[in-house]
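I have placed the structure first, in the form of structure tokens, so that the comments after it can refer back to it.
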Amino acid sequence: MKKVIYLLNPKSSDGRALESWQKAREKFHGLPEHPHLITEIANVQDFIEKERPDIIAIGGGDGTINKVCQAVLSSKTKPCLSILPLGTGNALSFCLGVETLEKAIFVLEKQPKSITIDIMHTNIPEFPLGVFNISVGFDARIVFNRVNYRYIGLKSYIFSGIRSFFGHPEREITFTIDKKVTLKATASSLVVANSPVLGQNLLISPRARLNDGLLDCTLFSTKYAYMQNLRLRGFKHPFYTELGKVHFKASHLSIQGEPYVQIDGDPVVRQEGIEVSVLPSKITFLRNFDDHIEQNYKSFVV
């Protein structure tokens, strides 16, 4: 029998995660009544090394997953991670085919597959790792406004997007690719992705893959080009276009000129610039069967 510990962030989903957990227990009796609350654990790495679990089931959103990944990467114990999507965005859960609690519990109980994914490393002390997405500029400003103005729920991204659209200027961004080529561009956003999906099934970087050993980068020339790029799977976006976007891949990236940064949904204002590099094949997650996640991500579905 494998040892499973359950970590829950009660602050996830704008403070509703604990309530959601109790409701889930009424349907999924295998969930413990009292999971370990990550907010009450002084040092997650020490906790993991003491418990020595085979699997950590994470109840929370993308920020909680980031925190646990940081602890696992630094720990001598290397458990497999499983996601119980109880956050607001739950981006990684869509890529792993566990975007609902029903699918997540099935995967946790049956453990059909696993995948070892790349991790993004940064020079930002507060957030040294990115699991699925790092961005600068307009995209990061939306996250900054959402957190700092305390908008609640999914609609918060709409309000933050409108506020940022009118308040965020395009700046000259300087980025150096693989320490060899330096480019400058007056642009809206530079999105560095490890997965194609952001937020609740929202596509932004369809060419990104979790385990290709590369950073998938998209430079958006204007805020309008960024807004045109947002689309849901299954929804035909009439204004979608590749105009105003530049795609490239890299193993290392230096970025200067844009102070607004977000890492897995957590905002940072940093004047010194950032560096991002890829750490191939570092963290292992349980995932669903191939036909649930190894799909051809499309710009839209007709």
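Looking at the stretch 258-282, which of its residues are part of a strand (DSSP E or B) and under 16 Å from Asn123 (Cβ atoms)? Before you say what the answer is, go through the steps one by one.
Start the filter on the stretch 258-282 by keeping residues that are part of a strand (DSSP E or B), which leaves 260-263, 266-269, 274-282.
Matches in the stretch 258-282: Val261, Gln262, Ile263, Asp266, Val268, Val269, Ile274, Glu275, Val276, Ser277, Val278, Leu279.
Return yes when Gly59 is in contact with a helix residue (DSSP H, G or I) (Cβ under 7 Å, 6 or more places away or on another chain), in a loop (DSSP other than H, G, I, E, B) and surrounded by 21 or more Cβ atoms within 10 Å (Cβ to Cβ) and no when it is not. I'd like the intermediate steps shown before the answer.
Details: in contact with a helix residue (DSSP H, G or I) (Cβ under 7 Å, 6 or more places away or on another chain): yes; in a loop (DSSP other than H, G, I, E, B): no; surrounded by 21 or more Cβ atoms within 10 Å (Cβ to Cβ): yes.
Considered against the rule, which asks whether it is in contact with a helix residue (DSSP H, G or I) (Cβ under 7 Å, 6 or more places away or on another chain), in a loop (DSSP other than H, G, I, E, B) and surrounded by 21 or more Cβ atoms within 10 Å (Cβ to Cβ), Gly59 comes out as no.
Might you check whether a residue that is modelled with pLDDT of 90 or more, aliphatic (A, V, I, L, M), more than 29 Å from Ile283 (Cα to Cα) and not in a loop (DSSP other than H, G, I, E, B) occurs anywhere in the stretch 175-182? Give the steps one after another, and end with the answer.
Residues of the stretch 175-182 modelled with pLDDT of 90 or more: 175-182.
Then keep just the ones that are aliphatic (A, V, I, L, M); that gives 177, 181.
With more than 29 Å from Ile283 (Cα to Cα) added as a condition, the list becomes 181.
Filter once more, so that each one left must be not in a loop (DSSP other than H, G, I, E, B): 181.
Yes, the conditions are met somewhere in the stretch 175-182.
Give me the residue from the stretch 145-172 that is among the small types (Gly, Ala, Ser) and under 16 Å from Met227 (Cα atoms) and, out of that set, modelled with the lowest pLDDT. So that I can check it myself, show each step before the final result.
Residues of the stretch 145-172 that are among the small types (Gly, Ala, Ser), as a first pass: 153, 156, 160-161, 164, 167.
Now restrict to residues that are under 16 Å from Met227 (Cα atoms): 156, 160-161, 164, 167.
Working: Ser156: 69, Ser160: 82, Gly161: 80, Ser164: 87, Gly167: 87.
Result: Ser156.
Out of (1) more than 14 Å from Leu286 (Cα to Cα); (2) surrounded by 24 or more Cβ atoms within 10 Å (Cβ to Cβ), what's the single condition that is false for Ser93?
Exception for Ser93: condition (1).
Within the set of pairs 6+ apart or on separate chains, which have a first residue in the stretch 94-116 that is assigned to a loop (DSSP other than H, G, I, E, B), a second that is among the hydroxyl-bearing types (Ser, Thr, Tyr) and crowded, with 19+ Cβ neighbours inside 10 Å, and C-beta atoms under 6 Å apart?
These pairs meet every condition: Glu99/Ser93.
Of all residues in the stretch 1-17, which are touching a residue at least 12 places away in the same chain (Cβ under 8 Å) and of a type in the set (A, V, I, L, M)?
Within the stretch 1-17, the first condition is being touching a residue at least 12 places away in the same chain (Cβ under 8 Å), and the residues that meet it are 2-14, 17.
Passing the criteria: Val4, Ile5, Leu7, Leu8, Ala17.
Residues in the stretch 211-245 that are of a type in the set (A, V, I, L, M) and at pLDDT 90 or above: how many?
Going residue by residue through the stretch 211-245, those that are of a type in the set (A, V, I, L, M) are 214-215, 219, 225, 227, 230, 232, 243.
Subsequent filtering for residues that are at pLDDT 90 or above retains 214-215, 219.
So the answer is 3.
Any residue at all in the stretch 32-45 that's under 17 Å from the mean Cα position of the chain (by Cα), surrounded by fewer than 22 Cβ atoms within 10 Å (Cβ to Cβ) and more than 24 Å from Arg146 (Cα to Cα)? Give the steps one after another, and end with the answer.
To start, the set of residues in the stretch 32-45 that are under 17 Å from the mean Cα position of the chain (by Cα) comprises none.
The answer is no, given that none of the residues of the stretch 32-45 is under 17 Å from the mean Cα position of the chain (by Cα), surrounded by fewer than 22 Cβ atoms within 10 Å (Cβ to Cβ) and more than 24 Å from Arg146 (Cα to Cα).
The values are calculated or read from the model by the stated rules, or taken from the named source; none is laboratory data. The shown structure was predicted, so the numbers you read here are calculated from the model rather than taken from an experiment. Here the Cβ is made from the backbone with ideal geometry for all residues, glycine too, and neighbour counts use every protein chain on show.
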